[in-house]
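The values are calculated or read from the model by the stated rules, or taken from the named source; none is laboratory data. Predicted model, so just to flag it, every value in this text is computed and none were measured. Counting neighbours? That spans all protein chains shown, and the Cβs are built from the backbone with ideal geometry, glycine included.
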Amino acid sequence: MKTLTNDPTSDSGTWKTITTLFRNNIREYGMLIALIAVMVFFQFQTGGILFKPVNITNLVLQNSYVITMALGMLLIIVSGWIDLSVGSVVAVVGALAGVLIVRYHIDWRVTLAICLLVGAAIGAFQGYWVAFLKIPAFIVTLAGMLIFRGLTFVLLQGESVGPFPAGFQKISSGFIPDIFNFPGFHLTTIMIGVLLSVVLILLDLRARRNQQKYGFEVTPFYLFVVKNVLITAAIMGLCYLMASYKGLPNVLVLLFVLITGYAFVTSQSIIGRRIYAMGGNEKAAKLSGVNTPRLLFYTFVNMGILAALAGIIVAARLNSSTPNAGDGMELDVIAACFIGGASASGGIGTVIGAVVGAFMIGVLNNGMSIVGLGIDWQKVVKGTVLLLAVLFDVYNKNKSA
Amino acid sequence: MSDVILEMRSITKTFPGVKALDNVSFSVKQGEIHALVGENGAGKSTLMNVLSGVYPYGSYSGEIYFQGQECRFQNIHDSEEVGLVIIHQELALVPFLSIAENLFLGNEQAKSGVINWNETISKTKELSDRVGLHESPNTLITNMGVGKQQLVEIAKALAKKVKLLILDEPTASLNDSDSEKLLQLLLQFKANGISSILISHKLSEVNKVADSITILRDGATIETLDCRKDNITEDRIIRGMVGRDMTHRFPPRDSKIGETIFEIRDWNVYHPLHEDRKVSSNVNITVRKGEVVGLAGLMGAGRTELAMSIFGRAYGTRISGTAHKNGQEIDISTIDKAISNGIAYATEDRKAYGLILIEAIKDNITLANLEAISDGGIINEPKELTVTRGYRDKLSIKCSSIRQLAVNLSGGNQQKVVLSKWLFANPEILILDEPTRGIDVGAKYEIYTIINQLASEGKGIIFISSELPEILGVCDRIYVMRDGKIVGEMPASEASQEKVMKYIMTQQEVVEQ
């Protein structure tokens, strides 16, 4: 992981190395620790329900669309803008899927492709206004929020459309097939977990060796071991829980691919670097040869595609297209990014942070529902958590300055 | 003395690493127009900011006496309270409010929070008459010309019962007849007992209205000339402004100048908002290999605008003219194309246009040439670290780590990061816009050394600076710009500060002597 390669002071002791590492990455670790604390809290409050395999599976399914959109929203926020329309885009794309499949009997795979294209077109439409016509994104996407919600009602004529064919439903509610057919236990899931752990360890080893080859200092070997043991334990623990229920949900596999991909692109690719530069100082980025309008345009196109994907997941999960799908979802998505450490003025934020932020909201929703807290107080708690997370950011920033 | 309205004694003001004012004393007599002249960076604005409370008491050393009372201003409000009003070069009016609203902004004619519009309007009319502004009090500022806006600023000062009016370059953006009106107004105020301090680069104006002239240079008072006693010529003033010791401020330079590498021909640029205003007109410039070409002129002469318009049309509209590299015409219509054609532009405003302050040094250095440290769009981080650490050592950027954020560096080191970025882009022509602005003497010397080294590698360099000694000390050849035109060209060996200053200051065209 990129965050662990900070230059440690060479002559420091073990404890100093760890504290330095922690201080340099307090934002990432702080949020992760807070998430774990919240999970442990609800594990006790719910009498052990939270970590039950079926609940973990539900948690993933319930939050998959927020996480999916948080990936795109993070890029928009890092660029220095915001997208308020995503909840409505979820609805309009879901409605389109319903109309095409149920009313016009078009194959669900073709529909899937059409929906993603429409998402891209919606993103392009809004991106054009923001990037080339220089209209603030707040206004453009506020208009989009109204327009696409309205179009949803037009498409569905105010009623729910469903049900969907099994293949389409499986996108959300399906699990990966078990090739071993071991009774009562999903062995394939465990195998995937093992494979994934091995690949991650090998990749980390290779990165470490690469750094040594260039003569850079690396984190001490025992820390490297501890880190990999923890990651492996987390992966295997999750896989074990999933295996003892129905195995890995399709959505979780999709999420894993998306998160890995976006984390990689933001931290390792030219495009990612340019997005951060654009959000950090648009004029300086422009004068360094970054085509900022085009980059911003594609950031919105990307958001549109991810919102469409989320729309499909929602529709498949509900097994119907409803006019109110995704209502208010933009707020959860935006909150996830800010809880995860993104800066409202742009240039700062990580994919992993946004995912942790989304899980934070998800665990709060899930835990509070199980405990039986009313929807009214749930909102109060979520709002408070958002404020506290941002306060934590501001406090850290002032301390380091 | 009772006829002295303002006395500033032994004012010293330091910024991190730079002594902006060094033991400056300055006094203004009751009812006179006192001109304050000096080069850019001589300390005029700093002195006025100390006077008006922009830099509060305690942030400088020395004493200020106004009408015999010692003053310790904490902010502008304090200084305005006693009748000291400063009008800055950039006018501080709210464009979408009316004249009347602007005049009494912060000083509303109101009773328990409710504005008395009748009183506001009638007072506005009275004040407008006094400054010769014939506009309805309800006219929005945005619908008026700059000259009239200037009058609104002055009326605003009158509303505050001004005793000493400070004008910072008031005529810089005015045409001749508006300038003339403004000067007449100052003379009229003088007759009414209001003293003024006039900061101006236009020596002809200074000569016309000033009773005394104080010259600042390098943050110190050089002399005060009394215009009522002696007949002071412009040459006399210029000599006071530029004379200084120039030994050991510049590294020795051994120029090896080759063929012409870069040329722009008949370059015309118009202002991006006022499309009928020409900011560069028929500019022709050539740069040869290994040559450092200076672009001298005042702020506002159009040098930055010219440089940015060349660099991928980053400034201006309706740009016409051609650019040539090694005799071939090149396409530099976007920044991307300009960079790939080997042109780099290091901005004068490194914080706003040069750096991503919230990002690491290494991210800033590689931004303009990410392809060089990437394979198939993926950044090779070890390679990036090797490259950027190389620049850190080569330019001796002082930092705790290459991952340190740019915002935490000193001005000189920030400038080195900007230079590193453009060196890594491997340009053949470098345009350096005020590369030594706001950095200390030691760092300046290092920057000059880097420039010499680049030239010796055969690069062509365009060096923009408002400091004449620097232009003379660094360049091989000098262009002088004024009002968007090249008004003079000379080899550095034939140039002197007086000669360049004459081209800069003289209002009419000078034919090459």
Got at least one residue in the range B:72-81 being surrounded by fewer than 17 Cβ atoms within 10 Å (Cβ to Cβ) and touching a Phe, Trp or Tyr at 6+ places or on another chain (Cβ under 7 Å)?
-> yes
Any residue in the range B:401-416 that is over 25 Å from B:E467 (Cα atoms), among the β-branched types (V, I, T) and in contact with a Ser or Thr (Cβ under 6 Å, 6 or more places away or on another chain)?
-> yes
Based on what the data block shows, is A:S288 within 14 Å of chain B (Cβ to nearest Cβ), under 30 Å from B:K421 (Cβ atoms), surrounded by fewer than 22 Cβ atoms within 10 Å (Cβ to Cβ) and polar (S, T, N, Q)?
-> no
Inside the range B:343-362, the number of residues satisfying the requirement of being at the interface with another protein chain (Cβ under 9 Å from one of its Cβ atoms), assigned to a helix (DSSP H, G or I) and crowded, with 24+ Cβ neighbours inside 10 Å is 2
Residue by residue through the range B:390-415, note down the ones that are at pLDDT 90 or above and under 21 Å from the mean Cα position of the chain (by Cα).
-> B:Q414, B:Q415
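Whether any residue in the range B:485-508 is free of Cβ contacts under 8 Å to residues at least 12 places away in the same chain, in a loop (DSSP other than H, G, I, E, B) and farther than 25 Å from B:I310 by Cα is what I want to check.
Taking the range B:485-508 first, the residues free of Cβ contacts under 8 Å to residues at least 12 places away in the same chain are B:493-494, B:499, B:506, B:508.
If we keep only those that are in a loop (DSSP other than H, G, I, E, B) too, we end up with B:506, B:508.
Now drop any that are not farther than 25 Å from B:I310 by Cα, which leaves B:506, B:508.
Yes: one or more hits.
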Which fully enclosed helices (runs of 4 or more DSSP H) of the range A:15-98 have 1 or more residues being under 19 Å from A:A354 (Cα atoms), of a type outside the set (G, A, S) and at pLDDT 95 or above?
-> A:53-78, A:86-98
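Can A:T152 be described as in the same structural domain as A:A308 (by TED's automatic domain parsing) and either surrounded by 15 or more Cβ atoms within 10 Å (Cβ to Cβ) or more than 26 Å from A:A315 (Cα to Cα) (or both)? Steps first, answer last, please.
Details: in the same structural domain as A:A308 (by TED's automatic domain parsing): yes; either surrounded by 15 or more Cβ atoms within 10 Å (Cβ to Cβ) or more than 26 Å from A:A315 (Cα to Cα) (or both): yes.
Against the criterion (in the same structural domain as A:A308 (by TED's automatic domain parsing) and either surrounded by 15 or more Cβ atoms within 10 Å (Cβ to Cβ) or more than 26 Å from A:A315 (Cα to Cα) (or both)), A:T152 qualifies.
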Conditions (1) part of a helix (DSSP H, G or I); (2) farther than 20 Å from B:D178 by Cα -> B:Q149 fails only (2)
B:T366 fails exactly one of the following numbered conditions: (1) more than 14 Å from chain A (Cβ to nearest Cβ); (2) outside any loop (DSSP other than H, G, I, E, B). What is the number of that condition?
-> (1)
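Have a look at A:I361, A:I312, A:I334, A:I305 and point out the one that is in a helix (DSSP H, G or I) and in contact with a Lys or Arg (Cβ under 8 Å, 6 or more places away or on another chain). Show your work before the answer.
Working: A:I312 fails: in contact with a Lys or Arg (Cβ under 8 Å, 6 or more places away or on another chain); A:I334 fails: in contact with a Lys or Arg (Cβ under 8 Å, 6 or more places away or on another chain); A:I305 fails: in contact with a Lys or Arg (Cβ under 8 Å, 6 or more places away or on another chain).
That would be A:I361, the only listed residue that is in a helix (DSSP H, G or I) and in contact with a Lys or Arg (Cβ under 8 Å, 6 or more places away or on another chain).
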Please go through the range B:176-220 and pick out each residue that is within 30 Å of B:D22 (Cβ to Cβ) and among the hydroxyl-bearing types (S, T, Y).
-> B:S195, B:S196, B:S200, B:S204, B:S212, B:T214
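What number of residues within the range B:308-342 are among the hydrophobic types (A, V, I, L, M, F, W, C), within 14 Å of another protein chain (Cβ to nearest Cβ) and either out of contact with any helix residue (DSSP H, G or I) (no Cβ under 7 Å at 6 or more places or on another chain) or in a helix (DSSP H, G or I) (or both)? If you could, list the steps in order and put the result at the bottom.
As a first pass, look at the range B:308-342 and keep what is among the hydrophobic types (A, V, I, L, M, F, W, C): B:308, B:310-311, B:314, B:319, B:323, B:330, B:332, B:335, B:338-339.
From what's left, within 14 Å of another protein chain (Cβ to nearest Cβ): B:308, B:310-311, B:314, B:332, B:335, B:338-339.
Next, only the ones that are either out of contact with any helix residue (DSSP H, G or I) (no Cβ under 7 Å at 6 or more places or on another chain) or in a helix (DSSP H, G or I) (or both) stay: B:308, B:310, B:335, B:338-339.
Residues in the range B:308-342 being among the hydrophobic types (A, V, I, L, M, F, W, C), within 14 Å of another protein chain (Cβ to nearest Cβ) and either out of contact with any helix residue (DSSP H, G or I) (no Cβ under 7 Å at 6 or more places or on another chain) or in a helix (DSSP H, G or I) (or both): 5 in total.
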Only one of (1) at positive phi; (2) more than 11 Å from chain B (Cβ to nearest Cβ) fails for A:L230. Which number is that?
-> (1)
Are any residues in the range A:364-377 more than 20 Å from A:F51 (Cβ to Cβ), part of a helix (DSSP H, G or I) and not acidic (D, E), and if so, which ones?
-> A:I375, A:W377
Looking only at the range B:419-447, count how many residues are part of a loop (DSSP other than H, G, I, E, B), within 14 Å of chain A (Cβ to nearest Cβ) and buried (at least 21 other Cβ atoms within 10 Å of the Cβ).
-> 2
Scan of the range A:273-316 for residues that are within 17 Å of A:V140 (Cβ to Cβ) and in contact with a Leu (Cβ under 8 Å, 6 or more places away or on another chain), ordered by number | A:T299, A:N302, A:M303
Those residues of the range A:160-182 which are farther than 23 Å from A:L112 by Cβ and not aromatic (F, W, Y), in sequence order | A:D178, A:I179, A:N181
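Select from the range A:273-285 the residues that are in a helix (DSSP H, G or I) and facing another protein chain (nearest Cβ under 8 Å) and list them in ascending order. If you could, list the steps in order and put the result at the bottom.
The initial filter retains those residues of the range A:273-285 that are in a helix (DSSP H, G or I), namely A:273-280, A:282-285.
Residues satisfying the conditions are A:R273, A:R274, A:Y276, A:A277, A:G280, A:K283, A:A284, A:A285.
Do we have A:A342 as assigned to a loop (DSSP other than H, G, I, E, B), among the hydrophobic types (A, V, I, L, M, F, W, C), modelled with pLDDT of 90 or more and buried (at least 19 other Cβ atoms within 10 Å of the Cβ) here?
Numbers: assigned to a loop (DSSP other than H, G, I, E, B): yes; among the hydrophobic types (A, V, I, L, M, F, W, C): yes; modelled with pLDDT of 90 or more: yes; buried (at least 19 other Cβ atoms within 10 Å of the Cβ): yes.
In short, yes.
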Which pairs have Cβ atoms under 6 Å, sit 6 or more apart or on different chains, and link a residue in the range B:281-301 that is outside any loop (DSSP other than H, G, I, E, B) to one that is hydroxyl-bearing (S, T, Y)?
-> B:T286/B:T260; B:R288/B:T260; B:L295/B:Y479
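Name the residue, out of A:V385, A:V356, that is surrounded by 19 or more Cβ atoms within 10 Å (Cβ to Cβ) and either away from every other protein chain (no Cβ under 14 Å) or over 25 Å from A:I76 (Cβ atoms) (or both).
Working: A:V385 fails: surrounded by 19 or more Cβ atoms within 10 Å (Cβ to Cβ).
Answer to the check: A:V356.
Rundown of residues vs (1) of a type in the set (D, E, K, R); (2) out of contact with any Ser or Thr (no Cβ under 8 Å at 6 or more places or on another chain); (3) within 14 Å of chain B (Cβ to nearest Cβ), yes/no style:
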position	(1), (2), (3)
A:S244	no, yes, no
A:G247	no, no, no
A:Q268	no, yes, yes
A:I305	no, yes, no
A:A308	no, yes, no
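If I go through the range B:465-484 residue by residue, how many of them are in a strand (DSSP E or B) and under 16 Å from B:I451 (Cα atoms)? Even if it seems obvious, please write down each step before you answer.
First pass over the range B:465-484, keeping only residues in a strand (DSSP E or B): B:477-482.
From what's left, under 16 Å from B:I451 (Cα atoms): B:477-478.
Going through the range B:465-484 one residue at a time, the tally reaches 2.
Residues being assigned to a helix (DSSP H, G or I) and facing another protein chain (nearest Cβ under 9 Å): count how many of those fall in the range B:374-388. Show your work before the answer.
First, pick out the residues of the range B:374-388 that are assigned to a helix (DSSP H, G or I): B:381-388.
Among the residues that remain, those that are also facing another protein chain (nearest Cβ under 9 Å) are: B:381-383, B:385-386.
The qualifying residues number 5.
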Wholly within the range A:150-264, which helices (runs of 4 or more DSSP H) include no fewer than the required count, namely at least 1 residues that are farther than 30 Å from A:V93 by Cα?
-> A:187-213, A:221-243
Residues of the range A:224-247 being polar (S, T, N, Q) and free of Cβ contacts under 8 Å to residues at least 40 places away in the same chain, in sequence order, are A:N228, A:T232
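Looking at A:G311, A:G304, A:G328, A:G347, can you tell me which residue is of a type in the set (G, A, S), at pLDDT below 95 and crowded, with 21+ Cβ neighbours inside 10 Å? Give the steps one after another, and end with the answer.
On the way: A:G311 fails: at pLDDT below 95; A:G304 fails: at pLDDT below 95; A:G328 fails: crowded, with 21+ Cβ neighbours inside 10 Å.
One residue alone meets the criteria, A:G347.
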Would you check which residues across the range B:367-416 are small (G, A, S) and within 21 Å of B:Y345 (Cβ to Cβ) and list them?
-> B:A368, B:A372, B:A406, B:G411, B:G412
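Of all residues in the range B:265-304, which are closer than 13 Å to B:Y345 by Cβ and more than 14 Å from chain A (Cβ to nearest Cβ)?
Passing the criteria: B:L295, B:R303.
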